[in-house]
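A short write-up of the structure that comes next.
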Amino acid sequence: MIKPLISVLLPVYNAANFIEESVLSILNQTLGDFELLIIDDCSTDSTLKVIESFEDSRIFLYRKKINSGYTESLNWGITNSRGKYIARMDADDISLPKRFEKQIRFLEENPEVAICGTDAKVIGGDLKFNYPSSNEEIMINLLFGSSLVHPTIMGRREIFLEYSYDTSKEPAEDYDLFTRLAVSGKKMANISESLLVYRVHSNQISQVQNTKQNSSAQQSMLRMFKKIPYDKNTFSDTQVLEAIWPSGEHTIDRLFKSLEFYKCIYHENDFYDRAKFQKIIVIKKMNYLKFHLSGNHLKPTERIILYLHFIKISPIRAFKYFLSRIK
């Protein structure tokens, strides 16, 4: 059999309400050289019936014998894929018609890039991704959380085979993958155009899963911070997590505990571009401070002025900005 250019991995579980629209959005791509591997994790609704109604030779449906989770489905798809590239897709999202065409063009023109994501339109919520596009800025942004929209990514098959997904990190397996790629020197990029419609709905992640996701993400975040030459004798892993992870009550003490950690970071290092690192750190810390002010948690005290001085922002200009955004 002739190998396809792209292998599309689409894990499904009880997605009857959305799966038809999702599959159609793949079949209607302007670039049609792909195989669509649909991995069903023992659905109990009419998901299979909907999938089986399609008559397209590019679709391969694999029914798992036991319900074993999302990341195991993805790893099965990686192992059994035949394409030069692997693309991700979720059962509740919609790929816009030129998604594959534009991602393939980008990856062919930029062979140094291992994985390419895109921006996404959001329906069902007010979420906005707006992730950075360059590899350097993605690496810095990974200090704060995921920096590629997981169902939009496309990458070279050998990268997925080498790194695969860590099943123990579900449901933060995507962030774990991205941080492992980053510290290994693999380049990532985002196309700034929205090429996928990302659906937000109540069945996505339960509160229990959200707690597990946060726990896993902390360790991936720590992996990125360990590439910064901070004083590791002064700050243990636990102390770094306490400083960088916004958990619990957001208070003035919490804010300045974070500041104490950032004071120990040296910007002269080989992993992060110094100028971009400083710029993004400033933006993130401004947003964090804006959160406090918008909730009337903080007042313009002497400690806040010192904080603003540390991140090299004029206090007057900063507070004018904050007040304009709060109104």
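The values are calculated or read from the model by the stated rules, or taken from the named source; none is laboratory data. This is a predicted model, so every value here is computed, not measured. Cβ placement follows ideal geometry from the backbone for every residue including glycine, while neighbour counts extend to all protein chains displayed. Surface areas here come from the heavy atoms of the whole protein model, side chains and all, with no ligands, DNA or RNA. Shrake-Rupley method; radii C 1.70, N 1.55, O 1.52, S 1.80 Å.
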* Answer with yes or no whether Phe60 is open to solvent by 70 Å² or more (accessible area, probe 1.4 Å) and over 24 Å from Ala182 (Cβ atoms). => yes
* What pairs can you find where one residue is in segment 157-174 and touching a residue at least 24 places away in the same chain (Cβ under 8 Å) and within 13 Å of Arg88 (Cβ to Cβ), the other is open to solvent by 40 Å² or more (accessible area, probe 1.4 Å) and polar (S, T, N, Q), and their Cβ atoms are less than 8 Å apart, with a gap of 6+ or different chains? -> Glu173/Thr167
* Structure fact -> Residues in segment 27-43 that are open to solvent by less than 30 Å² (accessible area, probe 1.4 Å), part of a loop (DSSP other than H, G, I, E, B) and closer than 22 Å to Arg105 by Cα total 1
* **Selection status of Phe106, in contact (Cβ under 8 Å) with a residue 60 or more places away in the chain, open to solvent by 50 Å² or more (accessible area, probe 1.4 Å) and under 13 Å from the mean Cα position of the chain (by Cα)** => no
* To do: Determine whether segment 64-79 contains at least one residue that is among the β-branched types (Val, Ile, Thr), more than 23 Å from Gly185 (Cβ to Cβ), open to solvent by 10 Å² or more (accessible area, probe 1.4 Å) and part of a loop (DSSP other than H, G, I, E, B).
  => yes
